[in-house]
Amino acid sequence: MRYQLKQIHCRPWTLSGLSLQLIESHYENNYGGALRRLNAISEQLESLDFAKTPAFVINALKREELTALNSTLLHELYFASMGGEGRVTQPMSEALARDFGSAQRWRTEFSALGYALGGGSGWVLLSWMPRDGRLINQYAAEHTQSVAGGIPVLALDMYEHAYHIDFGANAKAYVDTFLRNVDWKAVEGRYEDATRVAPPRPLVQEEFGDLPGVGVEEVRAMLAAGKPLQLIDTRPKHFVSRTQDIAEGVRWRDPERVSEWMGELSKETPVVVYCAYGFHVGCRAAVALRNAGFDASYRKVGHSGWKAAGGPIKMHA
């Protein structure tokens, strides 16, 4: 596959405080160099007989391909991030306020990440996370570092080639100048596109229909706040005997005998039951309790998730 050179989005001669010489050098040598390197690597990969090529050769080429591809993509986003007057649009201001507290709080954090990379190398990215439905600032010391699943909408190049011609070692002045040139209308467009990307599909247990489930973080927050909650461990007996541990303050009850112990519970207080991993055993217990009139739900991640989240554990009596 041959990658095509992309037209520079910003009009270099209109940028405030950034010289035409700097932008041209950056575009031609660094972006162009990454693209040329990427195409050369691609040609080598296409010519390989993967069944006969030593593993270390494949590893080296694929590692270099990742570096060159990310460098190409991030440089394209970097140039597309400039060309404006640095005024945050209203929709982006609202989005930044939602995820950072305020647009100014975002700017302070983003700038600080750039300042911290001064004299080194790397990127500062504003990225949308479909999984979490929010924006984050990402620090990347290398071209190969990225947040898996993240969609960058704004990129600040902090490699010295991005500023040394105009600013020498004064990386702080460069960061401030970059922010004065951000094209926030373009950022807004990329943000809108990014928010249309669906998050990873959640686990759906169709056999249990609309049975409500809660996350381990929500359960821990309820316990920490002292909210009334009846939390029941319904792992099968063989799981309990194998691991010999249980969450602190939680009772174990045999999931095969729900009808016998449900009489110990109050119908006035929410009930959360869980099994080992959050599948059919806990769900069935929750269904039985709901059918009996309890406000019951199952915990999605089970006992294993409680431990993974660092929940307190004690040995089962």
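The values are calculated or read from the model by the stated rules, or taken from the named source; none is laboratory data. Since we're looking at a predicted model, the values are computed, not measured. Neighbour counts are summed over all protein chains in view; Cβ atoms, including those assigned to glycine, are modelled from backbone coordinates with ideal geometry. Accessible surface areas use protein heavy atoms only, side chains included; no ligands, DNA or RNA. Shrake-Rupley method; radii C 1.70, N 1.55, O 1.52, S 1.80 Å.
Overview of values
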{"quantity": "Residue tally, condition within 32 Å of the chain's Cα centre (by Cα) and assigned to a loop (DSSP other than H, G, I, E, B), over region 222-246", "calculated": "5"}
{"quantity": "Unique match (being open to solvent by 50 Å² or more (accessible area, probe 1.4 Å) and either in contact (Cβ under 8 Å) with a residue 60 or more places away in the chain or closer than 24 Å to residue 287 by Cβ (or both)) among 175, 204, 187", "calculated": "204"}
{"quantity": "Cross-chain or 6+ apart pairs with Cβ under 9 Å, region 220-249 first and within 16 Å of residue 271 (Cα to Cα) and open to solvent by less than 80 Å² (accessible area, probe 1.4 Å), then at pLDDT 90 or above and polar (S, T, N, Q)", "calculated": "229/269; 230/266; 230/269"}
{"quantity": "Members of region 160-172 that are surrounded by fewer than 18 Cβ atoms within 10 Å (Cβ to Cβ), more than 10 Å from residue 18 (Cα to Cα) and in contact with a helix residue (DSSP H, G or I) (Cβ under 8 Å, 6 or more places away or on another chain)", "calculated": "161, 172"}
{"quantity": "Within region 270-317, considering residues that are open to solvent by 30 Å² or more (accessible area, probe 1.4 Å) and polar (S, T, N, Q), the one modelled with the highest pLDDT", "calculated": "291"}
{"quantity": "Any hit, region 72-79, residues being out of contact with any strand residue (DSSP E or B) (no Cβ under 7 Å at 6 or more places or on another chain), among the hydroxyl-bearing types (Ser, Thr, Tyr), open to solvent by less than 50 Å² (accessible area, probe 1.4 Å) and closer than 24 Å to residue 148 by Cβ", "calculated": "yes"}
{"quantity": "Residue within region 265-278 that is within 19 Å of residue 241 (Cα to Cα), touching a helix residue (DSSP H, G or I) at 6+ places or on another chain (Cβ under 6 Å) and hydroxyl-bearing (Ser, Thr, Tyr) present", "calculated": "yes"}
